[in-house]
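These notes concern the structure reproduced below.
The values are calculated or read from the model by the stated rules, or taken from the named source; none is laboratory data. Since the model is a prediction, treat every value here as computed from it, not as a measurement. Cβ placement follows ideal geometry from the backbone for every residue including glycine, while neighbour counts extend to all protein chains displayed.
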Amino acid sequence: MANEPGSRPSSGGLSSAVIDGMTVDECDSMIQRSLRTPMVKFLKEHLEKSGCNIGTNFIKAVHCDKRVSGGYVRGEGIVVCSNHLNIQDEVNQVVIHELIHAYDDCRAANLDWSDCAHHACSEIRAGHLSGDCHYKRELLRGFVKIRGHEQDCVRRRVMKSVTANPYCSEAAAKDAMEAVWDVCYNDTKPFDRAP
């Protein structure tokens, strides 16, 4: 689960100590591999087409104190929490998820991360479009359901992220998610359809 956008994951400095995960250097290497994947290349290209230049240091590995996989911070970029990830696929997923938040932030001039509906919309899109809720991933998490697993997963992950937003209570997060669900779930930009 990624950190709520617009807020900074608490980074305890760069550390080579691995409690549960990898070192910052190992994670940086995996980020570099992520940048060569088709999905990440596609998202970066569309960010730039939308007028958002992302420099070489836009995505960086850090050691995070909070139990999150990563986060997007407006004006600063994406952090990937090395100590909470173990394999390339996890790093790829965090990078893709957070690039969708960055894309949303770029294309919407009035996006307000403290607004529960805005936050929920970007989380719905990131959960739906990133592959976070692919059947195999859900199976590995212990969630087994034949029908409707993807939308259930997106809803569960949206609630987890939006309720972590200090501006959103659980009730406000749920109301916001329900209010924007149809529009945001069906908004697949920059993709023609959900990947």
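Observations
- Enumeration of residues in the stretch 25-48 that are touching a residue at least 12 places away in the same chain (Cβ under 8 Å) and either within 23 Å of Ala109 (Cα to Cα) or among the polar types (S, T, N, Q) (or both): Ser34, Thr37, Val40, Phe42, Leu43, Lys44, His46, Leu47
- Number of residues in the stretch 77-133 that are free of Cβ contacts under 8 Å to residues at least 12 places away in the same chain and under 24 Å from Asp192 (Cα atoms) equals 6.
- Residue in the stretch 31-54 that is at pLDDT below 90, surrounded by 16 or more Cβ atoms within 10 Å (Cβ to Cβ) and not polar (S, T, N, Q) present: yes
- Per the conditions (1) at pLDDT 85 or above; (2) under 27 Å from Val158 (Cβ atoms), the sole criterion not satisfied by Glu4 is (1).
- Cβ-Cβ under 8 Å pairs, at least 6 apart or on other chains, the stretch 170-191 side modelled with pLDDT under 95, far side part of a helix (DSSP H, G or I) and not hydrophobic (A, V, I, L, M, F, W, C): none
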